[in-house]
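Here the structure comes first, spelled out in structure tokens, and everything after it is commentary.
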Amino acid sequence: MIRTIEDLYNLHEDYKEAMNREKMKILVCAGTGCVSSGSLEVYEALKEIVQEKELFVDIDLMEGGREGVNVSPSGCHGFCEMGPIVRIEPQGYFYVRVSEIDAPEIVEKTVENNEVVERLLYRNPETGEIYRTEESMPFYGKQKRLVLEHCGKINPENIKEYIALGGYQALAEAFEMTPEEVCQVVLKAKLRGRGGGGFPAGIKWDSVRKEHAGQKYVVCNGDEGDPGAFMDRSIMEGDPHRVIEGMIIAGYASGATKGYIYVRAEYPLAVKRLQKAIQQAREFGLLGENILDSGFDFDIKISKGAGAFVCGEGSALTASIEGNRGMPRTRPPRTVQKGLFQKPTVLNNVETFANVPLIILYGADNYLKIGTKDSPGTKAFALTGNIVNTGLIEVPMGTTLREVIYEIGGGIPQGKKLKAVQIGGPSGGCLTSEHLDLPMDFDSLDSAGAMIGSGGLVVMDEDTCMVEVARFFMDFTQKESCGKCVPCREGTKKILEILEKIIAGDATMEDIKLLEELAETVKDGSLCGLGKTASNPVLTTLRYFRDEYIAHVKDKKCPAGVCQAFKTYYIDPEVCKGCSKCVRVCPNNAISGEIKKPFSIDAEKCIKCGACVSVCPFNAVKEG
């Protein structure tokens, strides 16, 4: 039990000394991505072999003075497509795509003989260059991992390792200040909410502090509903104590004594690790009554959501925690006045809270040196799509799309051209190659019609149909609309119908005009953030790719060759051997001919399903 600030500092020194006595540390990524690829089996295999050789030691045993090898699970390293990942300290060896059958060789060569297993190192697919360490790899070169600094380097289920690296010392420093002073530090650092809105956290905290109420709350939004986004999940899985520490500081600064972490139930590993971290924090006296002898009480509960995208919106989220249907309400009053259970509430997302300990420890002035003037700090992005390197990245605010795509991401596969980048998820917008040198910060992206959102970043190559992209995201937001307000409920439905009409080849130029008007109406008239941003993908694709819409409508052609309605199929008589496989799979009897003679397709009957293409052994079926 840590009763005072002095106790915390003493434990920090003890645990730090214990970790320094580790002869070697084998960190096996246990983030969701690597777990799905078999990393837990790798972890068990390595641990078993090291124990059999009597080399194994953990941090508790080391407190007794032993030295040895610590085999430990870790959080996400970010380079998810290369998992399972194993990192060896202190050498920094970075092994990729490790399987349990590699464990004996790793122990024999690296642990016992300090030799690198070269075949497990990352090899650049373009140049063939081999990299021994994480820090030397191009994927990490432009990154600045502040919020993610512990992910991949500590055991997220061991509070002692977090304390050894200075965990909860920011809380101790905050207790040396008044609540108003803490708010002013966060305000001076210009910390803006990383959930998408970019509202200054310091203003929000100070507003709650000034409210007079018997009970106040701190709520952490870990819902993260954007397709393909996993930034918050990785932080909760890889460094849960940092989120908890940020929430306690927010509680002290605002006068709140109770906290909730709202996590979607589809994140079972994040829930498990948060639960364990909360339990450990209570056992160590860092949650509960009179924390660090400060006179301040604070505790945290986890509330699991059912996966509704609309519950990422503040008022819908708090309604869900209360046990009501997750639907937004009109404002004012705002959440800082009447939030959870109608009480003043600080509501920020996971990444925002994870920034707070850094700001308190290193000071607002140092934090302001990172990023841009009005958007300081870093931002985590989930980099996916048509790109060589996919995964979780963290870069200073103001980093350009060019740096992310071509230096961190390694460029577009197969030498294809960049067509667009969807940034901010369903609420964001599509940018083009013209925006490659656009700084990625709140204000610059907003001026281009996009937004950072929670941090989804999908790269698309020249073979992507932008009308289909708009349809995909509109289909998602339309299904996720809570239906409370007419503009969102009816407007998104009608927008989706027009987009489907365009893709089917049945639209007119009047439909494009109506589409644009509806998108603006939904943006202006919707009640909450979901509705107000739902049409962003439509508006930005119309803004930057209007020619593709016109091609679908006027020319009855999909420039990318994606939309099924515009495809035509024919059989090349010079290639066809008359095997009749295509005839047998055609669902509409559109193919006719004689065995051992070229077959033909009736264009009137063909429903363009592509079944004939997939079964033809001679590649005789062509797209016209």
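Run residue 395 past the list (1) of a type in the set (A, V, I, L, M); (2) surrounded by fewer than 24 Cβ atoms within 10 Å (Cβ to Cβ); (3) touching a helix residue (DSSP H, G or I) at 6+ places or on another chain (Cβ under 6 Å) and report the number of the one that doesn't hold.
For residue 395, the failing item is (3).
Taking the conditions exactly as written (outside the structural domain of residue 526 (by TED's automatic domain parsing) and either surrounded by fewer than 18 Cβ atoms within 10 Å (Cβ to Cβ) or closer than 30 Å to residue 489 by Cα (or both)), does residue 250 satisfy them or not?
In short, no.
For residue 115, state whether it is in the same structural domain as residue 35 (by TED's automatic domain parsing) and part of a helix (DSSP H, G or I).
So residue 115 fails the test.
Could you list all residues from region 391-425 that are part of a strand (DSSP E or B) and of a type in the set (Gly, Ala, Ser)?
Quick first cut of region 391-425, residues part of a strand (DSSP E or B) only: 391-396, 400, 418-423.
Residues satisfying the conditions are 391, 420.
Can you pull out the residues in region 477-527 that are among the β-branched types (Val, Ile, Thr) and either touching a helix residue (DSSP H, G or I) at 6+ places or on another chain (Cβ under 7 Å) or under 17 Å from residue 555 (Cα atoms) (or both)? If you could, list the steps in order and put the result at the bottom.
First pass over region 477-527, keeping only residues among the β-branched types (Val, Ile, Thr): 477, 486, 492, 495, 498, 502-503, 508, 512, 521-522.
Correct list: 477, 492, 495, 498, 502, 503, 508, 512, 521, 522.
Going residue by residue through region 542-552, is there one that turns out to be touching a Ser or Thr at 6+ places or on another chain (Cβ under 9 Å) and under 30 Å from residue 223 (Cβ atoms)? Spell out the reasoning first.
Here is the first cut: in region 542-552, the residues touching a Ser or Thr at 6+ places or on another chain (Cβ under 9 Å) are 544-545, 548-549.
Checking which are under 30 Å from residue 223 (Cβ atoms) leaves us with 544.
Scanning region 542-552 turns up at least one residue that is touching a Ser or Thr at 6+ places or on another chain (Cβ under 9 Å) and under 30 Å from residue 223 (Cβ atoms).
Just to be sure, is residue 226 outside any loop (DSSP other than H, G, I, E, B) and of a type outside the set (Ser, Thr, Tyr)?
Taking the combined requirement at face value, the residue does not satisfy it.
Would you pick out the residues in region 136-151 that are in a loop (DSSP other than H, G, I, E, B) and modelled with pLDDT of 90 or more?
Keep residues of region 136-151 that are in a loop (DSSP other than H, G, I, E, B), which gives 136-137, 142-151.
Answer for region 136-151, where residues must be in a loop (DSSP other than H, G, I, E, B) and modelled with pLDDT of 90 or more: 136, 137, 143, 144, 145, 146, 147, 148, 149, 150, 151.
Residues are listed down the side, and each one gets a yes or a no for (1) closer than 20 Å to residue 563 by Cα; (2) acidic (Asp, Glu); (3) more than 41 Å from the chain's Cα centre (by Cα):
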| position | (1), (2), (3) |
| --- | --- |
| 586 | yes, no, yes |
| 592 | no, no, yes |
| 598 | no, no, yes |
| 601 | yes, no, yes |
| 607 | yes, no, no |
| 610 | yes, no, no |
| 613 | yes, no, no |
| 620 | no, no, yes |
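Counting only residues that are part of a loop (DSSP other than H, G, I, E, B) and of a type in the set (D, E, K, R), which one in region 152-178 is nearest to the chain's Cα centre (by Cα)? Talk me through it step by step, then tell me what you get.
Within region 152-178, the subset part of a loop (DSSP other than H, G, I, E, B) is 152-158, 165-168, 176-178.
Applying the additional criterion that residues be of a type in the set (D, E, K, R) yields 153, 157, 176.
Working: 153: 19, 157: 21, 176: 34 Å.
Applying the filter and picking the extreme gives 153.
Could you list, in sequence order, the residues of region 118-135 that are more than 21 Å from residue 74 (Cβ to Cβ) and not in a strand (DSSP E or B)? Can you show your working first?
Taking region 118-135 as the starting set, the residues that turn out to be more than 21 Å from residue 74 (Cβ to Cβ) are 118-119, 123-130.
Matches in region 118-135: 118, 119, 124, 125, 126, 127, 128, 129.
Within region 98-123, take every residue that is within 29 Å of the chain's Cα centre (by Cα) and free of Cβ contacts under 8 Å to residues at least 40 places away in the same chain and give me the one that is surrounded by the fewest Cβ atoms within 10 Å (Cβ to Cβ).
The extreme case among them is 123.
For residue 353, all conditions in the list (1) surrounded by fewer than 24 Cβ atoms within 10 Å (Cβ to Cβ); (2) in contact with a Cys (Cβ under 9 Å, 6 or more places away or on another chain); (3) not small (Gly, Ala, Ser) hold save one; what is the number of the exception?
Every listed condition holds for residue 353 apart from (1).
Collect the residues in region 124-144 that are touching a residue at least 60 places away in the same chain (Cβ under 8 Å) and farther than 17 Å from residue 97 by Cα, keeping them in residue-number order.
The answer is 126, 138, 140, 141, 142, 143, 144.
The values are calculated or read from the model by the stated rules, or taken from the named source; none is laboratory data. Keep in mind it's a predicted model, so treat the numbers as computed, not measured. When we count neighbours, we look across all protein chains shown, and the Cβ atoms used for this are built from the backbone with ideal geometry, even at glycine.
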